Amino acid sequence: MKVLLLLGFIFCSMAAHGKRMERCEFARRIKQLHLDGYHQISLANWVCLAQWESGFDTKATNYNPGDQSTDYGILQINSHYWCDDGKTPHAANECKVRCSELQEDDLVKAVNCAKKIVDQQGIRAWVAWRNKCEGKDLSKYLEGCHL
């Protein structure tokens, strides 16, 4: 009985956290989705951004009490501007997606929305990129990935 309870707890924990991708797995996937070089933004920049925004967790969320919005997914895309979560006041939904779709493990909708964000605001739209990646040597983020 205790084993079943423990397995149930582990399963629920995994479901709540989603997929935590490996660094190189994330790099390969977004390269497949043509994010590498988009608007001259290197793959290493995207890997650095995802490391510091979500720790590569596809189901990551972060609530922002100031505007009552939430950041969603591996790229932490904000519900005030980019997606609809059904609870953020005055949400613009520029990417025309449900926020939950930005948490899908295949990353397709998250990458498509990230491209739209970069089209409009550049990669500087992400605070973690400005604080942790901008102007830094990012070579370590692709080290050992054999891309």
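Here each label is just a point 7 Å from Cα along the line to Cβ, and for residue 20 and residue 130 those points are 2.9 nm apart. Would you mind counting up the charge near residue 87? Only other residues with Cβ under 13 Å from its Cβ, with Lys and Arg at +1 and Asp and Glu at -1. Around residue 87, the surrounding residues sum to -2.
Each Lys and Arg Cβ is given +1 and each Asp and Glu Cβ -1; about its Cα centre, segment 43-147 then shows a dipole of about 200 debye.
In this structure, the amide hydrogen of residue 64, modeled 1.01 Å from its nitrogen in the peptide plane, lies closer than 5 angstrom to those of 69, 70, 71, counting only residues at least 5 positions away or on a different chain.
Would you mind classifying segment 19-141 by shape? Square roots of the alpha carbon gyration tensor eigenvalues, ordered a ≥ b ≥ c; an a/c under 1.5 is rounded, otherwise it is prolate if a/b is larger than b/c and oblate if not. Taking the square roots of the gyration eigenvalues as a ≥ b ≥ c, segment 19-141 is prolate. In this structure, the amide hydrogen of residue 78, modeled 1.01 Å from its nitrogen in the peptide plane, lies closer than 5 angstrom to those of 72, counting only residues at least 5 positions away or on a different chain. Per-residue Karplus couplings for segment 30-43, computed as 6.51 cos²θ - 1.76 cosθ + 1.60 with θ equal to phi - 60°, are listed in order as 6, 5, 4, 8, 6, 8, 5, x, 4, 6, 6, 9, 6, 4 Hz, Gly and Pro entered as x. The residues 54, 139, when put in order of fewest to most other Cβ atoms within 10 Å, stand as 139, 54.
Work out how much length residue 92 to residue 42 would gain on full extension: take 0.36 nm times their residue separation and subtract the Cα-Cα distance, in nm to one decimal. The partial results should precede the final answer.
Details: separation 50, 0.36 × 50 = 18.00 nm, distance 2.81 nm.
15.2 nm is the gain from fully extending residue 92 to residue 42.
Once backbone amide H atoms are built at 1.01 Å from N, residue 84 has 97, 98, 99 as its partners under 5 Å, excluding neighbours fewer than 5 places away on the same chain.
Read-outs: derived from the displayed coordinates by stated rules, not from any lab. Since this is a predicted model, take the numbers as computed values, not measurements. Heads up, the Cβs are rebuilt from the backbone with ideal geometry, glycines too, and the neighbour counts pull from every protein chain shown.
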